[in-house]
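Have a look at the structure below before the remarks.
The values are calculated or read from the model by the stated rules, or taken from the named source; none is laboratory data. Quick caveat, the model's predicted, so the values are computed rather than measured. In this analysis, Cβ positions are derived from the backbone assuming ideal geometry, glycine residues included, and neighbour counts consider all displayed protein chains.
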């Protein structure tokens, strides 16, 4: 069974084409926001997922619409690629150190979208990426994928390192949660 999805979403603010393969493949990211490209590339590499993103957005305003809308589309693709969520580990978690910063993510592919996000960013901007958009991205992903996400960075003094630790922790947590198992849907209800 193919665990892939390709989605195209166009609004008055963004035009995004995204392809996701949960079993690996090409990584090619272009959003016009350099640090965000770096984070999505790290996500693809560390999760083991193939990911291509071509996004054009109203960057003359700021990065908000582009980052949030990529989160929406990636969440939709993730949900579609998983199908009925059968035959996967369902849960994953990871701690990732990034120099002085520590990032943590726990994920449950539950069908119940929720985000708990606890992180402070000492520097408000990372390149052309507004650090506050880290939370907005993860919220958009969680709400559109049906995944429960808990993300925290208990300490760190460099916003780049804090964000990168969070993205990599998310990648490892989701990579583990998507690992194939021999069983069906991992739920006492029999369905997610």
For region 60-90, the count of residues that are within 20 Å of residue 115 (Cβ to Cβ) and either out of contact with any strand residue (DSSP E or B) (no Cβ under 9 Å at 6 or more places or on another chain) or not in a helix (DSSP H, G or I) (or both) equals 5
Out of (1) over 21 Å from residue 22 (Cα atoms); (2) in contact with a strand residue (DSSP E or B) (Cβ under 9 Å, 6 or more places away or on another chain), the one residue 148 does not meet is (1)
Expected output for region 71-98 (first residue free of Cβ contacts under 8 Å to residues at least 40 places away in the same chain, partner crowded, with 20+ Cβ neighbours inside 10 Å, Cβ below 9 Å, 6+ apart or cross-chain) is none
Of the candidates 171, 177, the one satisfying the condition of being in contact with a strand residue (DSSP E or B) (Cβ under 7 Å, 6 or more places away or on another chain), crowded, with 16+ Cβ neighbours inside 10 Å and at pLDDT 95 or above is 177
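For region 91-118: of the residues being in a loop (DSSP other than H, G, I, E, B) and in contact with a helix residue (DSSP H, G or I) (Cβ under 6 Å, 6 or more places away or on another chain), which is surrounded by the most Cβ atoms within 10 Å (Cβ to Cβ)?
So in region 91-118, the residues in a loop (DSSP other than H, G, I, E, B) come out as 99-100, 109-113.
Narrowing further to those that are in contact with a helix residue (DSSP H, G or I) (Cβ under 6 Å, 6 or more places away or on another chain): 99, 109, 113.
Working: 99: 13, 109: 23, 113: 17.
It comes out as 109.
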Check: Going by the structure shown, is residue 162 on the phi < 0 side of the Ramachandran plot, more than 12 Å from the chain's Cα centre (by Cα) and part of a strand (DSSP E or B)?
Finding: no
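Can you tell me which of 9, 28 is surrounded by fewer than 17 Cβ atoms within 10 Å (Cβ to Cβ) and either under 11 Å from residue 70 (Cα atoms) or in contact with a helix residue (DSSP H, G or I) (Cβ under 8 Å, 6 or more places away or on another chain) (or both)? Please lay out each step first, then the result.
Values: 28 fails: either under 11 Å from residue 70 (Cα atoms) or in contact with a helix residue (DSSP H, G or I) (Cβ under 8 Å, 6 or more places away or on another chain) (or both).
Unique residue meeting the criteria: 9.
Considering 121, 141, 104, which residue is in contact with a strand residue (DSSP E or B) (Cβ under 9 Å, 6 or more places away or on another chain), touching a residue at least 60 places away in the same chain (Cβ under 8 Å) and within 25 Å of residue 30 (Cβ to Cβ)? Reasoning before the result, please.
On the way: 121 fails: touching a residue at least 60 places away in the same chain (Cβ under 8 Å); 104 fails: within 25 Å of residue 30 (Cβ to Cβ).
Only one candidate qualifies: 141.
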message = Going residue by residue through region 132-148, is there one that turns out to be assigned to a loop (DSSP other than H, G, I, E, B) and surrounded by fewer than 22 Cβ atoms within 10 Å (Cβ to Cβ)?
response = yes
